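Okay, so here's the structure we're looking at.
The values are calculated or read from the model by the stated rules, or taken from the named source; none is laboratory data. Please read these numbers as outputs of a predicted model, since none were measured by experiment. Cβ atoms come from the backbone with ideal geometry, glycine included; neighbour counts cover every protein chain shown. In case anyone asks, the SASA skips ligands and DNA or RNA and just uses the protein heavy atoms, side chains included. Shrake-Rupley method; radii C 1.70, N 1.55, O 1.52, S 1.80 Å.
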Amino acid sequence: MRNNKVLNQITNQEYRAFEQDGFLILRDCIDPTLIQKIKNFACDLLECKNSSKSIIKAMEELESSNKSAFNDFCNRMGSIPPVTLIALDNYFLNFAEKMLKTKYVHLFESAIFFNKHSVKRLQYDWHQESSYYPNAKEVITLWYPWLHKVNKHNGTMVMAKGGHKMKLDAFRMSMDKGLTQMRISDEALSCFEKIHCDLELGDAVLFPYNSPHKTGTNSSQVPRSIIVSRYSDKIGKFDGGWKE
């Protein structure tokens, strides 16, 4: 939906950039009316005022007071109609078909991710999605902001450009009251250029499951939130193979 128009064709330049860099940043690819509808659903579920500031505050309070309910909210938001419509846009589906080499693309996960600098369990060190889906041939991730722009200042995602081409060892690291992570050391990625994914509302990033990435440092006083949707073949959908 780049520039509010549905695009069915991915350019050769975009494919080359994705395969060379290990990610693709797309501008003006998401309909702003769908972004607004996501906010409307969040306000309804959180029972807060319809503004980005109020939503962030309500999410922050819920995360602090009831982590189980907060997790349910983040997952529930992944299944609301506007999030599904974005993920099922022809442009993203065609891209996933091309990279997965199948006409049977499974949209198997969508959720909200929340980043608050003072909460360590909400930070993700260098990792690859392939560590969490070892039985999948490939997983394509769609990553985009929905409340405010994301940049280096508020801890946007950082990609290790070209890191998807190298075999990287990961080690298991348990987080107190958080998800177990399969972490890649900083040293293993020292030779790669680090790219901060600076995005406006309506922009997005696509990347394959071997691309090393991490949560940036949020030096602002405001928590950051994005939405993730993931595509795979039937093996990725039904048998990721990851065990906590």
Subject >> Solvent-accessible area of Tyr124 with every protein chain in place, 1.4 Å probe, in Å² to the nearest 10 >> reply: 60
**OP:** Using label points projected 7 Å from each Cα along Cα→Cβ, tell me how many nm separate Asn75 and Ser185, to one decimal.
**Re:** 3.5
**OP:** Quote the convex hull volume per residue of segment 1-118, based on C-alpha atoms, as a whole number of Å³.
**Re:** 131
Original post:
Of Asn66, Asn94, Asn50, which has the largest mean-square fluctuation in a 10 Å C-alpha GNM of the chain?
Top reply: Asn66
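Dipole of the chain, Cα-centred, from +1 at each Lys and Arg C-beta and -1 at each Asp and Glu C-beta, to the nearest 20 debye?
Working: 33 positive and 28 negative charges, 5 e Å.
Computed about the Cα centre, the dipole is about 20 debye.
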Original post:
Counting trypsin sites (Lys or Arg not before Pro) as exposed when in a DSSP loop with at most 12 other beta carbons within 10 Å, what is the longest stretch of the chain free of them?
Top reply: 178-242
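For segment 173-233, what is the charge dipole size about the Cα centre, in debye to the nearest 20, if Lys and Arg each add +1 at the Cβ and Asp and Glu each add -1 at the Cβ?
Numbers: 6 positive and 8 negative charges, 49 e Å.
For segment 173-233, the charge dipole is close to 240 debye.
According to the square roots a ≥ b ≥ c of the eigenvalues of the Cα gyration tensor, what is the shape class of segment 72-215, taking rounded for a/c under 1.5, prolate for a/b larger than b/c otherwise, and oblate for the remainder? List each step's numbers first, then the result.
Values: a/c = 1.43, a/b = 1.17, b/c = 1.23.
Rounded shape, in that the Cα axes give a/c under 1.5.
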**OP:** For segment 1-144, give the magnitude of the charge dipole about the Cα centre (Cβ charges: +1 Lys/Arg, -1 Asp/Glu; no others), in debye to the nearest 20.
**Re:** 160
Subject >> Neighbourhood net charge (12 Å Cβ-Cβ; Lys/Arg +1, Asp/Glu -1) for Ala111 >> reply: 0
Subject >> Equivalent ellipsoid semi-axes, the chain, via Cα gyration tensor eigenvalues times 5, rooted, Å >> reply: 25, 23, 18
Original post:
By its C-alpha gyration tensor, with a ≥ b ≥ c as the square roots of the eigenvalues, how is segment 55-129 shaped: rounded for a/c under 1.5, else prolate for a/b larger than b/c, else oblate?
Top reply: prolate
Original post:
For segment 109-165, what is the Kirkwood hydrodynamic radius in Å, using each pair of distinct C-alpha atoms?
Top reply: 13.6
